[in-house]
Amino acid sequence: MVTLKKLPPIGARIIKSALAVMLCMAVYFIRTLLPVANGIPFYSALAALWCMQPYADKTKNNAWQRLSGTIIGAVFGLVFLIAVKCLDLREPTLVYLSASVLIVPVIYSTVVLDKRTASFFSCVVFLSIALTHSFDEDPYIFVFNRVIDTFIGILIGVAVNDFRLPIRYPDSRTLYISGIDDVLVSSDSHTASFSKVELNRLIRGGVKFTISTTRTPAELLSLMHGTELNLPVIVMDGAVLYDVKQKKYLETVFLSPDVAAEAEQLIAECGLHCFVNVLLDTTLLIYYGKFRNHAEELLFESHKTSPYRNYIHEQYRRNDRTEKTIYITVLAEKSDILSLESMLRAKLRGRVRISVSQSEYDGFFYLKIFSPFATKQKMLNRLKAHTGAKKIVTFGSIQGQYDVYISDGGGNSTIKKLKKLYRGG
């Protein structure tokens, strides 16, 4: 059965772009009613569209880039027109070749003025003047209008792009905590750019937002790349409070060395292999041994090149009581996982917390062993104290376990619900 790809929504930037162009046309119409030259709305519209960016700082950077490029190009264009008139050049070939040579000082001037990013626009403006208006009766009017058109477009673009509806009751006392899978990230491990842009705007606007997940910091950083998280996140199913900005483990709940050693021994007795996640100073090390199935091999091959993961063969492991084990992972077929779970619960009752979840490999499941004190709720309380929040609102995909239930795969809808709550809607 053929499934249609879900189309992305028409975002605010698309609508604002159309509105900015419309306003440029309206200004042009008003200018035609005035007893002065009215310019060309095409250049205003281009400048306005160039200023349509996801974030305000990017908009302002683009605006300055376009304006400085226009001024540099217009100055050289004006000088070129004056030279053409003074030298009475009438041969198009000679004029066009001269304009080509002048590209050198145009670009070089952007280097000298430290406006390298404006070199393209400087060349565009210069060539639009030199190649199309050198033989006009009064070309200087075009130069003037070219600058005015760009200036109008920039003003409209910046104003429209920066416009925001007023927030009635901005919530600065609540900490919003979201899961990742099926909440922010869809089942295909994709975070829509719309979600990232809107979430970043909310964070920049003051919303206290962070994430709680069973994933490792490495997986979180990879999945949420481009998201400007500025608060600590809860990772590894409540075992770690991690600072994504400083790449630092703020709080960690470790397995007892004796319990960790006993758990590894029991896993080995079942003929299974495990990955042992150990914290050495501020670095997470993942020790591994001889793989027992193809799923383990696939997991290792897909993750070993990640800059956030450090896989080390067990032959280089210290295996002493100073080792700080956060959790142990077993990846095996369902029947083996269920048998192992039953034995571990019987042998290590009360001394560990065990979680079982389906893996991304067909027929294989994960079993993870944590300290019984490593829970999301306990780490939530620590995070609340760390941020000074008075209230916590959680977003998740399991009904009855979270304050805000996400039932449609998450992504855009999650951010919309967050925005509504934050703005007092």
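Where a number appears in this text, it was derived from the coordinates with a stated rule and is not lab data. Just so you know, these numbers come straight off a predicted model, no measurement behind them. Here the Cβ positions follow ideal geometry from the backbone for every residue, glycine too, while neighbour counts run over all protein chains shown.
Per residue, the average separation of C-alpha pairs within less than 8 Å and at least 6 apart gives the stretch 257-370 a relative contact order of 28 percent.
Can you give the angle from 0 to 90° between the axis of helix 294-303 and the longest principal axis of the chain, with both taken from C-alpha atoms, to the nearest 10? Its long axis makes an angle of about 40 degrees. The Cβ shell under 9 Å around residue 273 holds other residues with a net charge of +1, Lys and Arg each +1, Asp and Glu each -1. Each part reduced to its alpha carbon centroid, the stretch 247-309 and the stretch 42-62 end up 48 Å apart. Once the Kirkwood radius over Cα pairs is known for the stretch 12-162, the Stokes-Einstein relation at 25 °C and 0.890 mPa s delivers a diffusion coefficient of 153 µm²/s. Among the trypsin sites (Lys or Arg not before Pro) found in the stretch 324-371, those both in a DSSP coil and sparsely packed, with 10 or fewer other Cβ atoms within 10 Å of their Cβ, are 349. Computed over the chain, the per-residue total of -39500 (n - 2.57) for DSSP H runs of n ≥ 4 gives a 222 nm mean residue ellipticity of -15000 deg cm²/dmol, rounded to 500. For the chain, excluding the exposed loop sites themselves (chymotrypsin sites (Phe, Trp or Tyr not before Pro), DSSP loop, at most 15 other Cβ atoms within 10 Å), the longest remaining stretch covers 164-290.
Comparing 328, 234, 177 in a Gaussian network model of the chain (Cα springs below 10 Å), the most mobile by mean-square fluctuation is 328.
Annotation: Cα Rg of the chain relative to the compact-globule expectation 2.2 N^0.38 Å equals 1.38. Taking Lys and Arg as +1 and Asp and Glu as -1, the other residues whose beta-carbon sits under 11 Å from that of residue 398 total -2. Charged neighbours of residue 56, selected by a Cβ distance under 12 Å, balance to +3 (K, R count +1; D, E count -1). The loop-placed trypsin sites (Lys or Arg not before Pro) in the stretch 213-266, going by DSSP, that have at most 12 neighbouring Cβ atoms within 10 Å of their Cβ come out as 245, 247. Computed from Cα atoms, the angle from the helix 56-86 axis to the main principal axis of the chain rounds to 30 degrees.
Here the dipole of the stretch 254-346 is about 200 debye; that uses its Cα centre as origin and unit charges on the Cβ of Lys and Arg (positive) and Asp and Glu (negative). Along its principal axes, the stretch 257-370 has C-alpha extents of 33, 33, 20 angstrom, given from the largest down. Annotation: lysines with alpha-carbon distance below 21 angstrom to residue 290 (same-chain offsets under eight excluded): 304, 334, 368.
Fewest neighbouring Cβ atoms within 10 Å first, the residues 122, 357 line up as 357, 122. Take the alpha carbon gyration tensor of the stretch 31-113, find the square roots of its eigenvalues, order them as a ≥ b ≥ c, and report rounded if a/c is under 1.5; if not, report prolate when a/b exceeds b/c, else oblate. Verdict is oblate for the stretch 31-113. Please identify the trypsin sites (Lys or Arg not before Pro) of the stretch 13-93 that satisfy two criteria: DSSP loop assignment and at most 10 other Cβ atoms within 10 Å. Which are they? Hits after loop and neighbour filter: 90.
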